[in-house]
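Before any comments, here is the structure.
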Amino acid sequence: MAFVEDLDAFFQEADFAVGAIYTPTAGGPRTVVGIFDGEYHEVLDMEGSAPAFTCKASDVPSVAHGDAIVVNGDSYKIVNVRPDGTGVVTLRLQLQ
């Protein structure tokens, strides 16, 4: 029998998670909950941001490059999809 983790405990808005509006290219918008990382980075005299949104893969089952997501009032395009094999996916974002 496979081990199944209840991921809801990791994505609570009362803790670190935020609500976002995810809109797939072919479909209507829906609310998803995840952890947003929009921090500014500086490494070896190079600087910039690499915003990411981490959520349950089941909340965005057909996620694809070019889909849209609004987090904290900012609109982003999904430019990279990184599932981790545990039911969690990290979406790399580009500010629109």
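The values are calculated or read from the model by the stated rules, or taken from the named source; none is laboratory data. A quick note: this is a predicted structure, and the numbers were derived from the prediction, not measured. Virtual Cβ from ideal backbone geometry, glycine too; neighbours counted across all protein chains shown.
Among the residues of segment 1-43, count how many are at pLDDT below 85, aliphatic (A, V, I, L, M) and exposed (fewer than 15 other Cβ atoms within 10 Å of the Cβ). Don't jump to the end; show me each part of the working.
In the first step, residues of segment 1-43 are kept if they are at pLDDT below 85; the result is 1-10, 12-15, 39-43.
Then keep just the ones that are aliphatic (A, V, I, L, M); that gives 1-2, 4, 7, 9, 14, 43.
Now drop any that are not exposed (fewer than 15 other Cβ atoms within 10 Å of the Cβ), which leaves 1-2, 4, 9, 14, 43.
Number satisfying all stated conditions: 6.
Taking only pairs six or more apart or across chains, which ones have beta-carbon atoms under 8 Å, a first residue in segment 1-15 that is farther than 18 Å from residue 86 by Cβ, and a second residue that is modelled with pLDDT of 75 or more?
So the pair list comes out as 13/19; 13/33.
Looking at 37, 74 in this structure, which one is at negative phi and over 11 Å from the mean Cα position of the chain (by Cα)?
None of the other options fit; the residue is 74.
Can you tell me which residue among 84, 59 is out of contact with any Asp or Glu (no Cβ under 9 Å at 6 or more places or on another chain), acidic (Asp, Glu) and touching a residue at least 12 places away in the same chain (Cβ under 8 Å)?
Every option except 59 fails the conditions.
Would a scan of segment 50-58 turn up a residue that is surrounded by fewer than 11 Cβ atoms within 10 Å (Cβ to Cβ), at pLDDT below 95 and among the aliphatic types (A, V, I, L, M)?
Scanning segment 50-58, I find no residue that is surrounded by fewer than 11 Cβ atoms within 10 Å (Cβ to Cβ), at pLDDT below 95 and among the aliphatic types (A, V, I, L, M), so the answer is no.
Does residue 89 count as surrounded by 19 or more Cβ atoms within 10 Å (Cβ to Cβ), under 17 Å from residue 16 (Cβ atoms) and within 13 Å of the chain's Cα centre (by Cα)?
Answer is yes for this residue.
If I filter segment 37-49 for residues that are touching a Leu at 6+ places or on another chain (Cβ under 9 Å), part of a strand (DSSP E or B) and under 11 Å from residue 91 (Cα atoms), do I get at least one hit?
No, segment 37-49 contains no residue that is touching a Leu at 6+ places or on another chain (Cβ under 9 Å), part of a strand (DSSP E or B) and under 11 Å from residue 91 (Cα atoms).
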